[in-house]
């Protein structure tokens, strides 16, 4: 007897509908799986056998062939357990087959028939919905994640026996309803820029970075406040939209970073990997093609503290995502694309000891050590960073001054929100949202420069040795500064300020 059951399969962070075909024939008892299953799916035969028997059903003593269609794409994941088990039970007549085409099944089986949670449920459910399927069985552990998807009916799958009873109409399972406040985000910020003493010029640069989604490099001696300033950047970014929450949660779901205590990502990600991270963990990939830190920072912040200490290959791999907002990973089985639109915040010392050029501390680094430290950040990487600023250590008078704190996160956030609203209105008909995404003809259209402003840029191009990329990045930053000032056109002062945040390679490393 033949049965057909539906599930979905991940490829990157997207998923496609899969048909699980089960055929039973006379012959020596055997179970064969075809359709490019990986080792996780092939091992399912032993889990399924025990789960069926321990759920009170009889395992068929026949020649069983299971086909995962379409057969030309690789299938991976333990969530194939439930659909395969249901398909086998349908083939022996334990499940009413005429109802099976209404459902999609997702879940891993324990040996006793209980259904365990799996990673990547959100994109799996999205793939089922996009394929036209409306009724989906999902492990109880993944319910809050699954109900983020609209226009589908989600049924909690707790045990194989209960799923079978529901399909047969013996004991129906109630569909799971979305709680109204399941993705509520706390509005209370634990950190505030009001806590940062001085460094008002750096706060200004960070405001520009947040407003236009620009990358920033902060160079300064130890204790100047680089990490403190970077950690507070998320407090001035606007809340994520529902679409952004869905996109970010989908990435974290595939990476296996969701739990019962964190069913969705409601706040903008702030990722701070250690400098010992491998290139693969930073960029993504591996045998299971999982997203890396740059994708987990999508729509948020990637903070690389002491960036010269990172593996140089890992740093160089940032070129594509910084330029295109995505990372493409090629494998023999095909290519996957992970989104990676983030604000890069990088921090470094002027040298390995941290005191090059400091009047109060003597630098103990040799010329070779200084050159080695500098070379970790190549010209192509520096050229892709929009804002490059230098912090100075505060003196005792500045630290103890009564009015040294400056703007708070709330005040800075209001300026950022206003500038982003201007950009949103300007680019509403285009496939972009920030000034940093401007390219080609749109640069000339939305970044008009008068004769005097062009003259300043021409002079700077020659004196600073700018590249074409850095030339356009200065214009994009100036466009953001003009938006913060609520000016329709870029003025001379906006270009002048943008040039202050653009250093030569040596200057940006304090050399």
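Condition first: assigned to a loop (DSSP other than H, G, I, E, B) and out of contact with any helix residue (DSSP H, G or I) (no Cβ under 7 Å at 6 or more places or on another chain). Now tell me which residues in the range 111-139 satisfy that. 131, 132, 133, 134 - these are the residues of the range 111-139 that are assigned to a loop (DSSP other than H, G, I, E, B) and out of contact with any helix residue (DSSP H, G or I) (no Cβ under 7 Å at 6 or more places or on another chain). If you take the residues of the range 70-86 that are assigned to a helix (DSSP H, G or I) and touching a helix residue (DSSP H, G or I) at 6+ places or on another chain (Cβ under 8 Å), which of them is surrounded by the fewest Cβ atoms within 10 Å (Cβ to Cβ)? If we take residues in the range 70-86 being assigned to a helix (DSSP H, G or I) and touching a helix residue (DSSP H, G or I) at 6+ places or on another chain (Cβ under 8 Å), then 78 is surrounded by the fewest Cβ atoms within 10 Å (Cβ to Cβ). Taking the listed residues 56, 27, 35, the one that is closer than 23 Å to residue 140 by Cβ and not assigned by TED's automatic domain parsing to the domain that holds residue 292 is 56, with no other qualifying. If you go through the range 114-131 and pick out every residue that is surrounded by fewer than 23 Cβ atoms within 10 Å (Cβ to Cβ) and under 19 Å from residue 167 (Cα atoms), you end up with 1.
So if I check each of 345, 416, 389, which one is buried (at least 19 other Cβ atoms within 10 Å of the Cβ) and assigned to a helix (DSSP H, G or I)?
416
Among the residues making up the range 233-245, a single one is crowded, with 23+ Cβ neighbours inside 10 Å and either touching a strand residue (DSSP E or B) at 6+ places or on another chain (Cβ under 7 Å) or within 29 Å of residue 359 (Cα to Cα) (or both): 233.
Does the range 89-98 include one or more residues that are closer than 20 Å to residue 142 by Cβ, touching a helix residue (DSSP H, G or I) at 6+ places or on another chain (Cβ under 9 Å) and not assigned by TED's automatic domain parsing to the domain that holds residue 286? No: zero hits. Restricting to the range 309-341, name every residue that is in contact (Cβ under 8 Å) with a residue 60 or more places away in the chain, surrounded by 15 or more Cβ atoms within 10 Å (Cβ to Cβ), more than 11 Å from residue 283 (Cβ to Cβ) and within 15 Å of the chain's Cα centre (by Cα). The answer is 322, 325, 336, 339, 341. Going by the conditions given, is residue 422 within 18 Å of residue 487 (Cα to Cα) and either surrounded by fewer than 16 Cβ atoms within 10 Å (Cβ to Cβ) or not assigned by TED's automatic domain parsing to the domain that holds residue 323 (or both)? It is true that residue 422 is within 18 Å of residue 487 (Cα to Cα) and either surrounded by fewer than 16 Cβ atoms within 10 Å (Cβ to Cβ) or not assigned by TED's automatic domain parsing to the domain that holds residue 323 (or both). Reported count of residues in the range 251-278, each being assigned to a helix (DSSP H, G or I) and in contact with a strand residue (DSSP E or B) (Cβ under 9 Å, 6 or more places away or on another chain), is 3.
Going by the structure shown, is residue 214 part of a loop (DSSP other than H, G, I, E, B), modelled with pLDDT of 95 or more and touching a helix residue (DSSP H, G or I) at 6+ places or on another chain (Cβ under 6 Å)? Judged against the criteria, residue 214 is a match. Taking the criterion of being assigned to a strand (DSSP E or B), in contact with a helix residue (DSSP H, G or I) (Cβ under 6 Å, 6 or more places away or on another chain) and in contact (Cβ under 8 Å) with a residue 12 or more places away in the chain, would at least one residue in the range 353-375 satisfy it? Within the range 353-375 (the criterion being assigned to a strand (DSSP E or B), in contact with a helix residue (DSSP H, G or I) (Cβ under 6 Å, 6 or more places away or on another chain) and in contact (Cβ under 8 Å) with a residue 12 or more places away in the chain), the answer is no, since none of the residues qualifies. The test for being surrounded by 15 or more Cβ atoms within 10 Å (Cβ to Cβ) and at pLDDT below 95 holds for residue 149.
Residue check: residue 442 meets all listed conditions (1) surrounded by fewer than 14 Cβ atoms within 10 Å (Cβ to Cβ); (2) at pLDDT below 95 but one, namely (1). Please specify each residue of the range 273-283 satisfying the condition of being over 16 Å from residue 324 (Cα atoms) and either surrounded by 20 or more Cβ atoms within 10 Å (Cβ to Cβ) or in contact (Cβ under 8 Å) with a residue 60 or more places away in the chain (or both). Within the range 273-283, 273, 282 qualify. Looking across the range 284-308, the residues that are assigned to a strand (DSSP E or B) and in contact (Cβ under 8 Å) with a residue 60 or more places away in the chain come down to 291, 301, 303, 305. Apart from one condition, residue 466 fits all of (1) touching a helix residue (DSSP H, G or I) at 6+ places or on another chain (Cβ under 7 Å); (2) assigned to a helix (DSSP H, G or I); (3) more than 28 Å from residue 421 (Cβ to Cβ); the exception is (2). Filtered by the rule that a residue be assigned to a loop (DSSP other than H, G, I, E, B) and without any contact (Cβ under 8 Å) to a residue 40 or more places away in the chain, the range 36-56 gives 36, 38, 43.
The values are calculated or read from the model by the stated rules, or taken from the named source; none is laboratory data. It should be emphasised that the depicted structure is a prediction, and the values quoted were computed from it without experimental measurement. When we count neighbours, we look across all protein chains shown, and the Cβ atoms used for this are built from the backbone with ideal geometry, even at glycine.
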